[in-house]
Amino acid sequence: MRRILILFPVFTILVGNCASPNKDPYRFEGEKHLRNLRKLTHGGENAEAYFSFDETKLIFQATRGGLGCDQIFVMNTDGSNVRMVSTGKGRTTCAYFLPGDTTFIYASTHLADENCPEPPDYSRGYVWKLYDTYDIFLARLSDGKILKRLTDTPGYDAEATVSPTGDKIVFTSMRDGDPEIYVMDLDGSNQRRLTYEKGYDGGPFFSWDGKKIVFRASRPTTPEGLEDYEALVKEGLVRPTVLEIYVMDADGSNIRQVTHFGKASFAPLFHPDGKRIIFSSNVYSKDPRNFDLYIINIDGTGLERITYFEGFDGFPMFTRDGKHLVFASNRFNSQENETNIFIADWID
């Protein structure tokens, strides 16, 4: 991922070798759950596209048009009427609509510095930077005006998403010295910590009924792993090479591990049936940069591969009725280092 969500280094294939017939030119052989696959963006690094509550718009983050780092954009679900809705200052990440679709939340570093923050130092391997200048803001969709700062604690606050029931925000914070998951009301009140185990917990999403939360976690299990983790986290860094998918109740209870791959699995989201989770992983890839979408039962059984592009597919989100899927991909790029947003009909 770039940003945090920092994408893993982009692995680009300009022309696919196993694409489906021209009637569905962006789909690859084996992608039986996808039909009528459409490319919504055309250039730049675009990712983490999430539907509005009425499902007529998508909000996403992108580096495009001369921007030095990610800003927040909105577009119609057919890819039209793209416009930037963040301030254009600092680095932003993880935008999400609030009920009514007139306001949205996102994380930004602009209060600390109007310029893009320095990228992470990769001298210690591939790491994500949890910028301590990120805070979560509420903004108006019509003109991008910031209405309220929702977090103001020292340290990283980001990765916020909103419950489909429209009553809570879940997010990741470093305020207590370790990346943990927190929940708050829509106005930023009643902020409460949900996870307590040593290790990175992040990327949380509510189930469609608001009763559960799915998230990714990197939890060191060896003395060497713990030492590496603690040294990095003191510098606001995490190593995402081993991430597993977890589920818990919305109050933080009943945490259980869904995947046990020992690989990098992230961007989990519940299927609308509440019984399955879609996510991105390099679980069966020889190249660690090759991520595909998979779906799995919440008890860890029934793993099924969804995409078959030899590159990056990630950040999936279903419509509420389960009939459509949006995701980000490097497939069929016009040039290197592009990530575009795609939407498809979902065939179950």
*Which fully enclosed strands (runs of 3 or more DSSP E) of segment 124-210 have 1 or more residues being under 17 Å from the mean Cα position of the chain (by Cα)?*
135-140, 157-162, 168-173, 180-185, 200-206
*asked:* Regarding segment 276-283, can at least one residue be identified that is in contact with a Ser or Thr (Cβ under 6 Å, 6 or more places away or on another chain) and either in a strand (DSSP E or B) or free of Cβ contacts under 8 Å to residues at least 40 places away in the same chain (or both)?
replied: yes
_Hits in segment 155-189 - residues which are surrounded by fewer than 18 Cβ atoms within 10 Å (Cβ to Cβ) and β-branched (Val, Ile, Thr)_ = 165
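Of all residues in segment 299-316, which are among the hydrophobic types (A, V, I, L, M, F, W, C) and either crowded, with 20+ Cβ neighbours inside 10 Å or in contact with a Cys (Cβ under 6 Å, 6 or more places away or on another chain) (or both)?
The answer is 306, 309, 312, 315.
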*Within segment 204-231, track down each residue that is farther than 21 Å from residue 273 by Cβ and among the small types (Gly, Ala, Ser).*
217, 218, 225, 231
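With 116, 94 as the choices, which residue is at pLDDT 95 or above and not in a loop (DSSP other than H, G, I, E, B)?
94
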*Counting just the residues of segment 130-151 that are surrounded by fewer than 22 Cβ atoms within 10 Å (Cβ to Cβ) and either polar (S, T, N, Q) or modelled with pLDDT under 95 (or both), which one comes out farthest from residue 320 (Cα to Cα)?*
133
*Hits in segment 52-68 (condition: in contact with a Gly (Cβ under 9 Å, 6 or more places away or on another chain) and either assigned to a strand (DSSP E or B) or surrounded by 19 or more Cβ atoms within 10 Å (Cβ to Cβ) (or both))*: 58, 62, 63
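The values are calculated or read from the model by the stated rules, or taken from the named source; none is laboratory data. Given the structure is predicted, the values throughout are model-derived calculations rather than measurements. Neighbour counts are summed over all protein chains in view; Cβ atoms, including those assigned to glycine, are modelled from backbone coordinates with ideal geometry.
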